[in-house]
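Since the structure comes first, as structure tokens, the remarks are kept for the end.
The values are calculated or read from the model by the stated rules, or taken from the named source; none is laboratory data. Just so you know, these numbers come straight off a predicted model, no measurement behind them. Here the Cβ positions follow ideal geometry from the backbone for every residue, glycine too, while neighbour counts run over all protein chains shown.
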Amino acid sequence: MHRLQWFLVTILAAALFVGKSGDVSAQEKPNGSSASAERAQLAAVLASDRSRSEKLSACKRLDWIGNADSVPALAALLSDAELSHAARLGLEAIPDPAAAEALRAGLTQVQGDLLVGVINSIGVRRDRQAVAGLGRLLGDKDPAIAAAAAAALGKIAVPEAAAILTEALTAASPAVRPAIAWASLACAQTLEREGDGERALALYDRLRQANLPAQTLTAATRGAILARNEEGMALLLAELGAEDDARFAAALGTSREFSASSVTEALVGRLAGLAPARQALLIAVLGDRGDVAARPAILRAAASTTPEVRVAAIRALSTLGNASHLTLLLDAAAQADAEIAAAARTTLVELADPQVDAAVAERLGTATGTPQRILMQVAGDRQIAAAVPALLTATSSPDERTRLAAIAALGRTGGPQQLPVLTGRLVAPANEQELSVVQEALQAACRRSTNQEACAEALVRCLPQTPRQTRLFLFELLGSLGGSRALEAVSAAASDGDEATQDIATRVLGQWSSPDAAPALLNLARTSSQSKFRIRALRGAIRILRQMDLPPDSRLAMCREAMELGDRDEERVLVLEALGRVPSREALNLVVRYLDKAELKAAAGSAVVSIGEKIVFDEPAAVAEAMQQVVQRIATGELARRAQELQVRAKTKPPGPAPVR
């Protein structure tokens with residue numbers, strides 16, 4: 001079998017093994033004599049001619065409870081092609097040295113793919129005594145075995161393993177050298193993590209000198225830089241000067257992992273010698289690091305005549321700038337260069353200095369023209385409440401651009417108290433553009449507000465003065481707000497004499513997001529003079545009855561009313577589905593009546609069974625009778641089977657209280 005195919009089959013077998021025997025490991029660990037007895041029984045299973053699945057389960061159980069006594073039985077299976085994987089996993093989990101010894105013995109007792117597995121288990125255990133044996137396998141003619149031995153040495157990561165891997169970097173065949181290199185990286189990282197920085201650094205440096213793929217050399221260089229701490233700055237700066245873009249990019253990533261200010265100073269010093277494109281990338285790193293020691297250099301770069309450098313510096317001020325840089329950023333935001341202007345406006349919004357909001361609000365009081373409009377946008381994006389007075393004044397500006405900017409920002413900063421200003425503009429906009437801006441501002445203000453009722457009241461007050469088309473917008477906005485005042489207004493509009501108003505109001509009511517609209521919809525379904533609105537209202541009510549949480553009594557009462565109002569079977573079917581959610585005898589009796597209607601029989605039967613399953617313990621007699629009727633009318637199929645089973649349960653209901661459902 002091809003090596004890759006064998007690997008996939010092994011993974012699949014492991015998944016099946018875990019799936020079939022997962023319940024074994026979930027058992028509690030036995031204690032004392034019972035544990036010894038169980039281990040002996042499991043060992044006997046492994047030594048017997050029992051089935052493969054039984055032996056797999058035994059191995060899995062020993063993975064959980066095994067000890068030194070279990071090692072011989074498991075070790076004997078290491079050469080079994082079907083059971084070796086499960087056996088070595090059992091040995092992996094046994095902490096006794098005997099398990100490690102058995103796995104080491106397997107290095108000379110098994111071959112091929114089974115040997116690869118044993119090597120992997122030794123690596124998992126980090127068995128120091130296996131280092132010499134693994135070192136010999138680095139020269140195995142099978143590349144898979146040599147690569148597995150290298151990986152295990154990398155996991156064990158002791159000085160002896162590091163020495164063997166260092167020598168193998170030169171001596172190993174080209175086919176195995178990449179695996180040895182990655183194992184060496186893993187070894188160095190573990191050595192460093194466990195306090196042996198000197199050996200780790202030596203291994204990193206040896207890797208950097210070897211003939212290896214570029215990505216391996218890059219990883220080793222990163223390790224060498226970080227292992228040296230601040231002394232690694234010289235190497236980092238050298239990498240930042242490398243002609244190869246991949247090395248430069250890796251150095252940028254590594255520079256983000258330093259935190260000392262001296263590192264910032266060194267990075268800033270490197271800026272001058274870089275090409276503009278690389279300067280921009282390094283400036284972005286300085287911004288990401290957030291060390292204010294870089295601020296003077298970033299401010300100088302923000303005045304660069306090279307656009308990409310200037311843009312990068314402006315963006316870096318998001319983390320390195322403060323309120324004192326507003327003038328610089330406002331000037332940049334007003335530039336004709338779209339990229340520079342966009343970078344500055346984004347930075348103005350993202351500045352983290354808490355003094356920025358107050359400074360923006362203060363400048364708004366005196367700014368004019370383009371700077372004023374930029375400040376308005378920033379105030380809106382930052383939701384600066386202190387800017388509201390200046391914005392209110394600007395909503396009356398004779399300059400259209402200023403007025404529209406103020407209206408848009410007011411929607412993102414103001415509260416319910418400012419809504420009358422916006423609704424006043426809604427009633428009498430200067431033009432279509434202003435109307436669009438006002439509508440967006442109202443939507444933004446209502447979305448932000450935590451006082452639905454106050455917002456709804458402000459919108460309702462302007463309804464009589466608004467043109468019809470604008471009124472339709474208000475109804476939709478009221479629908480998105482919800483609440484009692486909005487519902488009252490939209491319900492009234494749904495009965496308005498104007499058909500267009502009725503059309504939008506019934507549509508909004510039909511999509512209401514809370515169940516309190518159901519009574520209003522049912523009332524419309526009863527009283528509307530137009531069939532299309534009655535149907536729309538009824539369907540809206542049914543949507544609520546089917547999809548939203550309601551007290552059972554309320555759902556039952558409204559479903560009963562909806563059934564009476566429905567002229568078409570398609571609506572009645574939906575109501576029956578909603579009734580299936582009501583756990584009461586009254587609902588059961590109501591639904592049973594529709595079993596005799598051919599068009600509704602299937603829906604009614606499904607609802608009867610659904611209700612019966614909910615109340616069978618409380619109303620067994622009623623449920624049994626109802627199921628009998630279902631069976632009589634629906635003789636076959638899944639529904640009939642459920643009804644028959646439920647009928648049996650109802651007739652054999654045990655005494656005592658119903659179980660908790």
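When region 41-83 is filtered for residues that are hydroxyl-bearing (S, T, Y) and surrounded by 22 or more Cβ atoms within 10 Å (Cβ to Cβ), only S70 remains.
Among the conditions (1) within 20 Å of A251 (Cα to Cα); (2) basic (K, R); (3) in contact (Cβ under 8 Å) with a residue 24 or more places away in the chain, the only one that R208 does not satisfy is (3). Under the condition of being surrounded by fewer than 19 Cβ atoms within 10 Å (Cβ to Cβ), in a helix (DSSP H, G or I) and acidic (D, E), the residues counted in region 177-199 number 1. A count restricted to region 337-361 and to residues that are farther than 16 Å from A379 by Cα and either modelled with pLDDT under 95 or of a type outside the set (A, V, I, L, M) (or both) stands at 2.
Residue-by-condition table, conditions (1) in contact with a Lys or Arg (Cβ under 6 Å, 6 or more places away or on another chain); (2) crowded, with 21+ Cβ neighbours inside 10 Å; (3) part of a helix (DSSP H, G or I):
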| site | (1), (2), (3) |
| --- | --- |
| A238 | no, no, yes |
| R247 | no, no, yes |
| A251 | no, yes, yes |
| S262 | no, no, yes |
| G273 | no, no, no |
| R278 | no, no, yes |
| I283 | no, yes, yes |
| L286 | no, yes, yes |
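Of the residues making up region 459-466, at least one is more than 20 Å from Q417 (Cβ to Cβ) and assigned to a helix (DSSP H, G or I). Scanning region 298-308 for residues that are surrounded by fewer than 24 Cβ atoms within 10 Å (Cβ to Cβ) and of a type outside the set (S, T, N, Q) gives L299, R300, A303, P307, E308. Restricting attention to region 625-655, the residues that are more than 17 Å from V573 (Cα to Cα) and either buried (at least 20 other Cβ atoms within 10 Å of the Cβ) or within 41 Å of the chain's Cα centre (by Cα) (or both) add up to 8. Considering the conditions (1) of a type in the set (S, T, Y); (2) modelled with pLDDT under 95; (3) crowded, with 21+ Cβ neighbours inside 10 Å, Y204 is excluded by exactly one of them, (2).
Among the conditions (1) more than 30 Å from R193 (Cα to Cα); (2) touching a residue at least 40 places away in the same chain (Cβ under 8 Å), P72 misses just one, which is (2). Out of region 354-366, which residues are farther than 22 Å from R295 by Cβ and not in a loop (DSSP other than H, G, I, E, B)? Hits for region 354-366 are A361, E362, L364.
I'd like to check something: does region 375-383 contain any residue that is closer than 13 Å to L442 by Cβ and in contact (Cβ under 8 Å) with a residue 24 or more places away in the chain? Checked against the condition, which is being closer than 13 Å to L442 by Cβ and in contact (Cβ under 8 Å) with a residue 24 or more places away in the chain, region 375-383 yields no hits at all.
Summed over region 325-353, residues that are over 22 Å from T264 (Cα atoms), more than 30 Å from the chain's Cα centre (by Cα) and assigned to a helix (DSSP H, G or I) total 13.
Would you pick out the residues in region 484-502 that are part of a helix (DSSP H, G or I) and either surrounded by fewer than 17 Cβ atoms within 10 Å (Cβ to Cβ) or small (G, A, S) (or both)? First the steps, then the outcome.
From region 484-502, those part of a helix (DSSP H, G or I) are 484-493, 499-502; that's our starting set.
Scanning region 484-502 gives S484, A486, E488, A489, S491, A492, A493, E499, A500.
Just the residues that are in contact with a Ser or Thr (Cβ under 9 Å, 6 or more places away or on another chain) and not in a loop (DSSP other than H, G, I, E, B), please, taken from region 62-85. Those that are in contact with a Ser or Thr (Cβ under 9 Å, 6 or more places away or on another chain) and not in a loop (DSSP other than H, G, I, E, B): L62, D63, W64, D69, H85.
Quick check: is even one residue across region 427-439 more than 38 Å from the chain's Cα centre (by Cα), among the small types (G, A, S) and outside the structural domain of D553 (by TED's automatic domain parsing)? Yes, region 427-439 contains at least one residue that is more than 38 Å from the chain's Cα centre (by Cα), among the small types (G, A, S) and outside the structural domain of D553 (by TED's automatic domain parsing). Taking the criterion of being at pLDDT below 90 and assigned to a loop (DSSP other than H, G, I, E, B), the only residue of region 467-483 that qualifies is P467. Within the span defined as region 559-571, one or more residues are assigned by TED's automatic domain parsing to the domain that holds R526 and either over 24 Å from P519 (Cα atoms) or of a type in the set (K, R) (or both). The set of residues from region 207-225 being surrounded by 18 or more Cβ atoms within 10 Å (Cβ to Cβ) and not in a loop (DSSP other than H, G, I, E, B) comprises L207, T216, L217, T218, A219, A220, T221, R222, G223, A224, I225.
Return only the number of the condition from (1) over 26 Å from D503 (Cα atoms); (2) of a type in the set (S, T, N, Q); (3) modelled with pLDDT of 95 or more; (4) more than 32 Å from the chain's Cα centre (by Cα) that Q417 does not satisfy. (3) is the only condition that Q417 fails. Residue count for region 265-306 under the criterion of being over 34 Å from the mean Cα position of the chain (by Cα) and of a type outside the set (A, V, I, L, M, F, W, C): the result is 12. Only one of the numbered conditions (1) within 25 Å of P97 (Cα to Cα); (2) surrounded by fewer than 19 Cβ atoms within 10 Å (Cβ to Cβ) is not met by I145, and that is (2).
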